[in-house]
Amino acid sequence: VECAPFARALSGVRLSGDAADWWWQAKERYERSTQPAIGSVLVLRRTGRLPSGHVAVVSQVLGQRHILVTQANWVRHRVSEDQPVVDVSSANDWSLIRVWWPPTGEMGTTTYPAFGFIRPVQPATHDQLTAATPRAIRLAVNE
């Protein structure tokens, strides 16, 4: 399961192509923000490690600098639910993040640049996202 089809199916944000391109595609179609909200899509920029960028759906907001995301393919071909992500930017604007790394069971040491968050037209609750995840996996696999 790739991150973009999964995030599209789970969030309802109808964008396509590489994950990093979603930020520019969302302009004038969806609200973009530097603050997380449940159901919004976190968009990571392209890097050497992420040549296509990455997208993840915010499943919980735990504080100003701490969220949980549900995402596909952060760990190759797996869906990870409620994984911690922290804002480590000096401006507290989510422009630089660290992401939980499930294989080690701890926060990853690599920092990743982020564009911000795309808000869907119909935001979801944590319970709705959890219930929708199996269907989103099926849709993403069949895309």
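Any idea which residue in the range 80-98 is most open to solvent (accessible area, probe 1.4 Å), counting only those that are in a loop (DSSP other than H, G, I, E, B) and not polar (S, T, N, Q)? Ranking the candidates gives ALA91 first. Summed over the range 45-79, the residues that are without any contact (Cβ under 8 Å) to a residue 60 or more places away in the chain, open to solvent by less than 30 Å² (accessible area, probe 1.4 Å), within 19 Å of TRP22 (Cα to Cα) and part of a loop (DSSP other than H, G, I, E, B) give a count of 1.
Quick one: is ALA91 out of contact with any Pro (no Cβ under 9 Å at 6 or more places or on another chain) and either in contact (Cβ under 8 Å) with a residue 40 or more places away in the chain or more than 17 Å from PHE6 (Cα to Cα) (or both)? Answer is yes for this residue. Scanning the range 120-129 for residues being within 14 Å of ALA9 (Cβ to Cβ) and either at pLDDT 95 or above or touching a strand residue (DSSP E or B) at 6+ places or on another chain (Cβ under 9 Å) (or both) gives a total of 4. Residues in the range 1-44 that are open to solvent by less than 70 Å² (accessible area, probe 1.4 Å) and assigned to a strand (DSSP E or B): 5 in all. Can you confirm whether the range 118-141 contains a residue that is within 19 Å of ALA7 (Cα to Cα), touching a Leu at 6+ places or on another chain (Cβ under 9 Å), outside any strand (DSSP E or B) and among the polar types (S, T, N, Q)? Checked the range 118-141: at least one residue is within 19 Å of ALA7 (Cα to Cα), touching a Leu at 6+ places or on another chain (Cβ under 9 Å), outside any strand (DSSP E or B) and among the polar types (S, T, N, Q).
Within the range 108-121, being in contact with a helix residue (DSSP H, G or I) (Cβ under 9 Å, 6 or more places away or on another chain) and open to solvent by 60 Å² or more (accessible area, probe 1.4 Å) holds for no residue.
The values are calculated or read from the model by the stated rules, or taken from the named source; none is laboratory data. Owing to the predicted nature of the structure, the values given are computational and were not obtained by experimental measurement. Don't worry about glycine lacking a Cβ; one is built from the backbone with ideal geometry, like all the others, and counts go over all protein chains shown. Surface areas here come from the heavy atoms of the whole protein model, side chains and all, with no ligands, DNA or RNA. Shrake-Rupley method; radii C 1.70, N 1.55, O 1.52, S 1.80 Å.
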